[in-house]
Structures are given as structure tokens and as C-alpha cells.
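Presented below is the structure to which this report refers.
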Amino acid sequence: MSADSLILQALNITVIGMLIVFSFLILLICMMKILGAFVAWMEKKFPDAVPAAAGADNALLAVAIATAKRFSK
């Protein structure tokens with residue numbers, strides 16, 4: 001094999017590899033856009049529940065503080 005043949009083969013493999021990676025990235029971007037649109041549609045169909053009042057977890061917060069104080073000593 002001559003040097004020119006080897007260089008052409010290396011160039012050919014490089015171009016094919018770069019095209020495969022570029023195609024995969026384009027496909028990945030398209031799939032992310034499609035999934036983003038699907039999630040936006042699903043959020044319109046099934047909205048999040050209204051969050052609970054801010055003081056609803058006072059008992060749980062008190063337990064966490066007491067536990068932290070007990071084990072910090």
C-alpha cells in the first residue's frame with residue numbers, strides 16, 4: 001500500500017466517523033425538542049397540585065431540629 005492510499009483511507013474513515021457523530025447529535029437534539037414539547041403538553045393536561053400551606057410541616061420540622069440537637073452533642 002502506498003502512502004497516498006493510506007492517507008485517503010484515514011481521511012475517509014475520519015469523515016465517516018465525524019458524519020456519524022454529527023448525525024447522532026442532530027438526532028439527539030431533535031428528540032430533546034420533541035420530548036420537551038411532549039412534557040409541556042402533559043403539564044397542560046395534568047397540572048401540578050396546589051402546594052400545601054407553608055406552616056403545614058411544622059411538626060416534621062420540629063422533629064428534625066430536635067434530632068439534630070440531640071445528635072450534635
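The values are calculated or read from the model by the stated rules, or taken from the named source; none is laboratory data. Remember, it's a predicted structure, so these values are computed and weren't measured experimentally. Methodologically, a virtual Cβ is constructed for each residue, glycine included, from the backbone with ideal geometry; neighbour enumeration extends over all protein chains shown. For the accessible areas, the whole protein counts, side chains as well, though only heavy atoms, and no ligand, DNA or RNA atoms are used. Shrake-Rupley method; radii C 1.70, N 1.55, O 1.52, S 1.80 Å.
What to note about this one:
- Verdict on Lys33 being under 32 Å from the mean Cα position of the chain (by Cα) and either open to solvent by less than 100 Å² (accessible area, probe 1.4 Å) or modelled with pLDDT of 95 or more (or both): yes
- Contacts under 6 angstrom Cβ, first residue in the range 1-30 being modelled with pLDDT under 95 and surrounded by fewer than 10 Cβ atoms within 10 Å (Cβ to Cβ), partner in a helix (DSSP H, G or I) and among the β-branched types (Val, Ile, Thr), 6 or more apart: none
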